[in-house]
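The values are calculated or read from the model by the stated rules, or taken from the named source; none is laboratory data. For clarity, every value in this text was computed on a predicted model and none was experimentally measured. Neighbour counts run over all protein chains shown; Cβ positions are idealised from the backbone, glycine included. Each accessible area value is taken on the protein alone, full model and side chains, heavy atoms only, with ligands, DNA and RNA left out. Shrake-Rupley method; radii C 1.70, N 1.55, O 1.52, S 1.80 Å.
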Amino acid sequence: MLTPPHIPAELETAHPADVVRWAAEQYGTDGLVVTASFEDAVLVHVAATAVPGVEIVLLDTQYLFAETHWFAEELRKRLDLNLRVEHPAADVLPDNLWQTDTNACCEVRKVRPLARALEGKQAWITGVRRADGPTRADAPIAAFDIGRGLVKVNPLA
């Protein structure tokens, strides 16, 4: 298991681009991954301009709108993104599982693909914001994620 790294307190007041650069300096672009839903382009833009070439992953749940795929492709071209789309396993077919068992649906469409995206990485950059709700109100800018064994970085928190 990895030893939790020292996370500088000054990250709490740093600009999001500086937080992304800190993560890249600590873990290198090979040890770092950005996950983005493409709900908005803020995180993608910050990461891609702060650290050109950083890997950005979109989890394709099979429920994404066609416009989401279009938008991701547009941003790939505009920002010269190193974009990877992570899909559910080949045996997971589009269905209505979300209507009857949201946990099982998320497991095969989000949890497992995210685990694949994080394989071999030391740090993970997310779009978590403290304003997202009460459960995220105290989200740190960066912290060691014990369950995943890597550093989770929330530059937009």
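Antiparallel beta bridges, as assigned by DSSP with both residues in the chain, represent about 25 percent of the total such bridges.
Taking the longest Cα principal axis of the chain as reference, the axis of helix 66-79 is set at about 30 degrees. Each label was represented as a point 7 Å from its Cα along the Cα-to-Cβ direction; for TRP98 and GLN62 these points are 1.2 nm apart. From its DSSP helices (H runs of at least four residues, each -39,500 (n - 2.57)), the chain gives a residue-normalised ellipticity at 222 nm of -9000 deg cm²/dmol.
Between ASP30 and ASP132, the modelled labels are 3.0 nm apart [label points 7 Å from Cα along Cα→Cβ]. Listed by chain and number, the aspartates and glutamates whose C-alpha is less than 17 Å from the C-alpha of LYS152, apart from same-chain residues fewer than 8 away, are GLU10, GLU12, ASP18, GLU25, ASP30, GLU55, GLU119, ASP132, ASP138.
Relative contact order (percent) for the range 1-93, with alpha-carbon contacts under 8 angstrom and 6 or more residues of separation?
On the way: 92 pairs, mean separation 23.7, N = 93.
Answer for the range 1-93 is 25 percent.
For the range 44-157, averaging the sequence separation of C-alpha pairs within contact (under 8 Å, six or more residues apart) and dividing by the residue count gives a relative contact order of 20 percent.
Specify the longest stretch of the chain that does not include any exposed loop site, a site being one of the GluC sites (Glu not before Pro) with a non-H, G, I, E, B DSSP assignment and at most 12 other Cβ atoms within 10 Å.
Numbers: sites that count: GLU39, GLU119.
The segment 40-118 is the longest one with no such site.
The HN-Hα couplings worked out from phi for the range 106-118 by the Karplus form 6.51 cos²θ - 1.76 cosθ + 1.60 (θ = phi - 60°) are 5, 4, 7, 9, 10, 5, 5, x, 5, 4, 5, 5, 8 Hz, whole numbers, x standing for Gly and Pro. The string of couplings for the range 121-131 from the Karplus curve (6.51, -1.76, 1.60, θ = phi - 60°) is 9, 9, 8, 9, 9, 10, x, 4, 10, 5, 6 Hz, one whole number per residue in order, with x for Gly and Pro.
With a 1.4 Å probe and all protein chains left in place, how much of the accessible area of the chain comes from carbon and sulfur atoms, in whole percent? Walk me through the numbers before you get to the answer.
On the way: 4710 of 8840 Å².
Answer for the chain: carbon and sulfur cover 53 percent of the accessible area.
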